[in-house]
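Notes for the one structure printed next.
The values are calculated or read from the model by the stated rules, or taken from the named source; none is laboratory data. Bear in mind the structure is a predicted one, so any value in this text is a computation, not a measurement. In this analysis, Cβ positions are derived from the backbone assuming ideal geometry, glycine residues included, and neighbour counts consider all displayed protein chains.
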Protein chains: 2
Amino acid sequence: MERFYRRDFINTLSGVRNAHLLGTLSYKKVPNLGLFNSVTHIGATPPHLGFIMRPLTVPRQTYHNIKAQGHFTLNQVTLGTYQQAHQASAKYEVDEPEFEAVGLTPYFSETHRAPYVAESPIQIGLELAEEHHIKANGALFIVGKVVEIRLQSHLIADDGHIRMDAAQAVGVAGLDHYYRPEPIAQLPYPRPGQEDKILKPKNN
Amino acid sequence: MERFYRRDFINTLSGVRNAHLLGTLSYKKVPNLGLFNSVTHIGATPPHLGFIMRPLTVPRQTYHNIKAQGHFTLNQVTLGTYQQAHQASAKYEVDEPEFEAVGLTPYFSETHRAPYVAESPIQIGLELAEEHHIKANGALFIVGKVVEIRLQSHLIADDGHIRMDAAQAVGVAGLDHYYRPEPIAQLPYPRPGQEDKILKPKNN
């Protein structure tokens, strides 16, 4: 396969995942942004999230800042901000003010040291907890402990789940294909013996 | 927070991720299914995917089979199969024939030892490559090397990306909220200095 064709093919194989802007603060106190779509739930008690950091074959300011300060934020990308978020993944110079460059606003809460994206409806503050070295290609799996969550209460449904459509969340497959999640169903807790409740599939 | 409310809240925090049925073969040659929504791209060259396995505080047949045989499959869940896939996550007895119970069909290719889901339009065959122990809660981050990909060519766009809408792929947030991805845009490669090309956001 041709190189870019192969890259896009393999990159989209795992599917669409919500896009997040990762906010850090540099040693010189310049807020930095990175775009990630590998954020994964690890556990609810205590709450932890993980994400993939590409191999450190080039300087990666996000990684450098997380290691130096120990704090970072994950901010849900939306229909209103995905174009700025995409632009934030450009290779800016070290300590170039990326927030201003792409037209987003850093916000510091009273209790967290890394910058949030003020425009984001779901803002998560984390502490670096673990990093795992992927032998296959040198990537890192970074684990953060959730220490602060900032979101508007109307985005939380009665059962506790966050309404991704109401948040106008967007996801990305591969490097540049953006999608929005359209709700189709909430299914009941599955138990053996309930098979006859499964509707016959319409499409396969 | 109340226990289930908290669980659903934290589980949906990271957003919607494509749902996959993970196929394995037991020592007694019984095909097994598990439902996962944490499948993550690790690298394209060589192609590797990762996913989170919950802590081994109870017997986990998927993990046992992957360790015993070294092979597994990831099969994209679709609009036509998500109800069966959800049911496949019920706690069936060891070596109960889950494929038959939920109405899905195992398929064995000539070159891979683990069962695919015949009804799935994107079938990925993997070899166990690495496992990383998450200290925070005992979960595992499992890394697999992609050794076989089976999908219809019309699902691949000219640039190589897989058209998740054409595949009728579905994603899930938390444990039970299903979504389908609706395409919104493909954005050009971002470079510094292109900021004036960013359209003004409509929604924030």
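Is it the case that some residue within region A:149-171 is more than 10 Å from chain B (Cβ to nearest Cβ), under 16 Å from A:L21 (Cβ atoms) and not β-branched (V, I, T)? Scanning region A:149-171 turns up at least one residue that is more than 10 Å from chain B (Cβ to nearest Cβ), under 16 Å from A:L21 (Cβ atoms) and not β-branched (V, I, T).
Are any of the residues in region A:93-101 acidic (D, E), under 17 Å from the mean Cα position of the chain (by Cα) and buried (at least 17 other Cβ atoms within 10 Å of the Cβ)? Checked region A:93-101: no residue is acidic (D, E), under 17 Å from the mean Cα position of the chain (by Cα) and buried (at least 17 other Cβ atoms within 10 Å of the Cβ).
Quick check, is B:Y116 within 21 Å of B:P47 (Cα to Cα), surrounded by 16 or more Cβ atoms within 10 Å (Cβ to Cβ), more than 7 Å from every other protein chain (Cβ to nearest Cβ) and of a type in the set (S, T, Y)? Here the answer is yes, as B:Y116 does meet what is asked.
Of the residues that make up region A:168-177, is at least one loosely packed, with under 15 Cβ neighbours inside 10 Å, of a type outside the set (D, E, K, R) and part of a loop (DSSP other than H, G, I, E, B)?
Among the residues of region A:168-177, not one is loosely packed, with under 15 Cβ neighbours inside 10 Å, of a type outside the set (D, E, K, R) and part of a loop (DSSP other than H, G, I, E, B), which makes the answer no.
Annotation note: Cβ proximity below 8 Å between a residue of region B:160-185 that is on the phi > 0 side of the Ramachandran plot and a residue that is in a strand (DSSP E or B) and polar (S, T, N, Q) (sequence gap 6+ or interchain) occurs for B:Q168/B:T78. Against the conditions (1) part of a loop (DSSP other than H, G, I, E, B); (2) farther than 24 Å from B:I184 by Cα; (3) acidic (D, E), A:E119 satisfies every one except (2).
Just give me the residues in region A:123-143 being under 23 Å from A:A167 (Cα atoms) and more than 7 Å from every other protein chain (Cβ to nearest Cβ), in sequence order. Talk me through it step by step, then tell me what you get.
Start the filter on region A:123-143 by keeping residues that are under 23 Å from A:A167 (Cα atoms), which leaves A:123-126.
Once the filter is applied, which keeps residues that are under 23 Å from A:A167 (Cα atoms) and more than 7 Å from every other protein chain (Cβ to nearest Cβ), region A:123-143 yields A:Q123, A:G125, A:L126.
Of the residues in region B:127-138, none is touching a residue at least 60 places away in the same chain (Cβ under 8 Å) and more than 28 Å from B:N11 (Cβ to Cβ). Quick one: would you say A:A101 is modelled with pLDDT under 95, at the interface with chain B (Cβ under 7 Å from one of its Cβ atoms) and part of a loop (DSSP other than H, G, I, E, B)? So A:A101 fails the test. Please find, within region B:27-66, the residue that is surrounded by the most Cβ atoms within 10 Å (Cβ to Cβ) out of those that are out of contact with any strand residue (DSSP E or B) (no Cβ under 9 Å at 6 or more places or on another chain) and either within 8 Å of another protein chain (Cβ to nearest Cβ) or of a type in the set (S, T, N, Q) (or both). Among residues in region B:27-66 that are out of contact with any strand residue (DSSP E or B) (no Cβ under 9 Å at 6 or more places or on another chain) and either within 8 Å of another protein chain (Cβ to nearest Cβ) or of a type in the set (S, T, N, Q) (or both), the one surrounded by the most Cβ atoms within 10 Å (Cβ to Cβ) is B:A44. Of everything in region A:59-107 that is of a type in the set (G, A, S) and in contact (Cβ under 8 Å) with a residue 40 or more places away in the chain, the residue that is nearest to B:E195 (Cα to Cα) is A:A88.
Of all strands (runs of 3 or more DSSP E) completely enclosed by region A:1-94, which ones contain at least 1 residues that are closer than 30 Å to B:L151 by Cα? Before you say what the answer is, go through the steps one by one.
Working: elements: A:20-25, A:31-36, A:40-44, A:47-53, A:71-76.
The qualifying strands (runs of 3 or more DSSP E) are A:20-25, A:31-36, A:40-44, A:47-53.
The set of residues in region A:67-77 being of a type in the set (A, V, I, L, M) and over 15 Å from the mean Cα position of the chain (by Cα) consists of A:A68 alone. In the set (1) over 25 Å from A:L79 (Cβ atoms); (2) among the β-branched types (V, I, T); (3) within 7 Å of chain B (Cβ to nearest Cβ), A:T111 fails one condition alone, (3).
For the structure I just gave you, tell me whether B:K91 is facing another protein chain (nearest Cβ under 7 Å), in contact with a Pro (Cβ under 8 Å, 6 or more places away or on another chain) and not hydroxyl-bearing (S, T, Y).
Yes.
Under the condition of being more than 23 Å from B:Q168 (Cβ to Cβ) and β-branched (V, I, T), the residues counted in region B:101-141 number 2.
Yes or no, residue by residue, for (1) under 30 Å from A:Y5 (Cβ atoms); (2) of a type in the set (K, R); (3) in contact with a helix residue (DSSP H, G or I) (Cβ under 6 Å, 6 or more places away or on another chain):
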position	(1), (2), (3)
A:T105	no, no, no
A:L126	no, no, no
A:A139	yes, no, no
A:I142	yes, no, no
A:V146	no, no, no
A:Q152	no, no, no
A:K197	no, yes, no
